[in-house]
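Visitor: The structure that follows is given in the form of structure tokens.
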Amino acid sequence: MGFNSIKEILDIAKEKKLTIGEIMLMQEAEGEGVVKDGVFEQMLENWQIMKNSVENGLVNAPTSKSGLVGGDGQKLYQYSKSETLAGHKINRAVSYALATAEVNASMGRIVACPTAGSCGIVPAVLKSVQETYNFSDHKITLGLFTAAAIGSVVAFKASVSGAVGGCQAECGTAAAMAAAAAVELAGGSPEQAADAAAMVFKNILGLVCDPVAGLVEVPCVKRNAMGASLALICADMALAGIKSKIPLDEVITAMDKVSKLMPVSLKETALGGLAATPTGIEIAEKLYN
């Protein structure tokens, strides 16, 4: 059985003096009826695939079959080595998100985390954290369990699907997962991790899913970039001691209610938003005619 709320996880963390990641690892092992080492190794393999996806995107700069996206991760990575407006670390993480999302758009191998359309955010943030603190792959893998705990509660209380909840549910959940993981990896408390995730959702609430031509490319790839940067900023705010005035459980519920108010045209149908702009329509006509 999974967790029904973030509060449930935080209560366990306080009682047992464990991190969210450690709690999720134990829960997964118990749920699957296997030893923790086996579950951990499966997650470690996921992390290796994530890292390979980032590297593939940066080195090979794959282009999608439609030609709409490709190479932007590599461009930003090179640019990040110079004096940039947002700083090296943010731009580096964003380049990782772009690169991974471009690998997905070109039919490469990725980890849906929690979805293919939002696959670049968690790898980008955790790879950035790993490089900043020189963490081992084992350490980062424990962070993935933190991310998984947040994602599992969102899936239970709301949805992680753009077709159900808009991009707030996809890239929003991925960014919340990444922010929480980053906080715990940096030594923050479970409560701070939850605050970071809550602040992510509060800043992405209402984001629609409007893929041009129905492809997970425009604006999806660049929203992965935005999600990675948002996750890092919210993680830093939480680590600085800034709290979310609205508890994460309530924020997730609010996100679910917002998703139910969204028209179908803004839920991955390519009938509204950017997909319905003159240029969006022109792109779709060229691709399908």
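FYI, it's all coordinate maths here, none of it is from the lab. None of these values were measured; they are calculated from a predicted model. Neighbour counts run over all protein chains shown; Cβ positions are idealised from the backbone, glycine included.
Visitor: Using packing as a proxy for protection, rank 192-204, 74-86, 55-67, 243-255 so that the peptide with the highest average count of other Cβ atoms within 10 Å comes first. Numbers along the way, then the final one.
Guide: Working: 192-204: 27.5, 74-86: 13.2, 55-67: 17.4, 243-255: 19.2.
Highest mean packing first, the order is 192-204, 243-255, 55-67, 74-86.
Visitor: If you don't mind, there's one more thing I want to ask. Would you mind checking which residues have amide H under 5 Å from residue 113's amide H? H placed 1.01 Å from N; only 5 or more apart, or other chain.
Guide: 118, 119
Visitor: If I stretch the segment between residue 18 and residue 84 completely, what's the gain in nm (0.36 nm per residue apart, minus their alpha carbon distance), one decimal? Write out the running numbers ahead of the final one.
Guide: Values: separation 66, 0.36 × 66 = 23.76 nm, distance 3.86 nm.
Full-extension gain reported as 19.9 nm.
Visitor: Looking at 174, 21, 287, which one has the Cα that reaches farthest to the positive end of the dipole of the chain (charges on Cβ: Lys, Arg +1; Asp, Glu -1)?
Guide: About the Cα centre, the residue reaching furthest to the positive side is 287.
Visitor: Extent of segment 130-244 along each principal axis, from alpha carbon coordinates, in Å, largest to smallest?
Guide: Principal-axis extents of the Cα atoms in segment 130-244, largest first: 42, 27, 23 Å.
Visitor: Using θ = phi - 60° and the Karplus curve 6.51 cos²θ - 1.76 cosθ + 1.60, what whole-Hz ³J(HN,Hα) does each residue of segment 246-254 get, with Gly and Pro shown as x?
Guide: With coefficients 6.51, -1.76 and 1.60, one gets 9, x, 4, 4, 6, 5, 4, 4, 5 Hz.
Visitor: List the relative contact order of segment 6-288 as a percent without decimals, with contacts defined as Cα pairs under 8 Å and 6+ residues apart.
Guide: Working: 545 pairs, mean separation 54.8, N = 283.
Relative contact order comes out at 19 percent.
Visitor: How big is segment 218-279 by Rg and Dmax over its Cα atoms, in Å?
Guide: 15.5, 45
Visitor: Are any of the pairs 127/157; 17/243; 7/127; 51/260; 127/267; 16/267 more than 32 Å apart by Cα-Cα distance, and if so, which?
Guide: On the way: 127/157 28 Å; 17/243 20 Å; 7/127 28 Å; 51/260 35 Å; 127/267 30 Å; 16/267 40 Å.
Long pairs (Cα-Cα over 32 Å): 51/260; 16/267.
Visitor: Taking amide H atoms as placed 1.01 Å from N in the peptide plane, list the residues 5 or more away in sequence, or in a different chain, whose amide H sits under 5 Å from that of residue 217.
Guide: The answer is 212.
Visitor: Fewest to most neighbouring Cβ within 10 Å: what's the order for 92, 109? Show your work: numbers first, answer last.
Guide: On the way: 92 22, 109 11.
Least to most surrounded, the residues fall as 109, 92.
Visitor: Turning to a different aspect of this structure: Have a look at 212, 258, 129 and tell me which one the Gaussian network model of the chain (Cα, springs below 10 Å) gives the largest fluctuation.
Guide: Evaluated over the chain, the most mobile residue of the options is 258.
Visitor: Regarding the chain, what whole-number volume in Å³ per residue does the convex hull of its Cα atoms give? Before the final figure, lay out the partial values.
Guide: Working: hull volume 36.4 nm³, N = 289.
Measuring per residue, one finds 126 Å³ for the Cα hull of the chain.
Visitor: Return the single residue from 213, 101, 179 with maximal mean-square fluctuation; model: Gaussian network over the chain, springs between Cα atoms under 10 Å.
Guide: Of 213, 101, 179, the Gaussian network model singles out 213 as fluctuating most.
Visitor: Based on the mean of other Cβ atoms within 10 Å per residue, sort peptides 160-173, 10-23 so the most packed one is first.
Guide: Numbers: 160-173: 26.6, 10-23: 17.8.
My ranking of the peptides, most packed first, is 160-173, 10-23.
Visitor: In whole Hz, with x marking every Gly and Pro, tabulate ³J(HN,Hα) for segment 218-223 from phi via Karplus 6.51 cos²θ - 1.76 cosθ + 1.60, θ = phi - 60°.
Guide: 10, x, 4, 4, 6, 6
Visitor: Which lysines have a Cα lying under 20 Å from the Cα of residue 286, excluding residues fewer than 8 positions away in the same chain?
Guide: Result set, ordered by chain and number: 65.
Visitor: Shape verdict for segment 1-135, please, from the Cα gyration tensor: rounded (a/c under 1.5), prolate (a/b greater than b/c) or oblate.
Guide: Working: a/c = 2.57, a/b = 1.78, b/c = 1.44.
Prolate, because a/c is 1.5 or more and a/b exceeds b/c.
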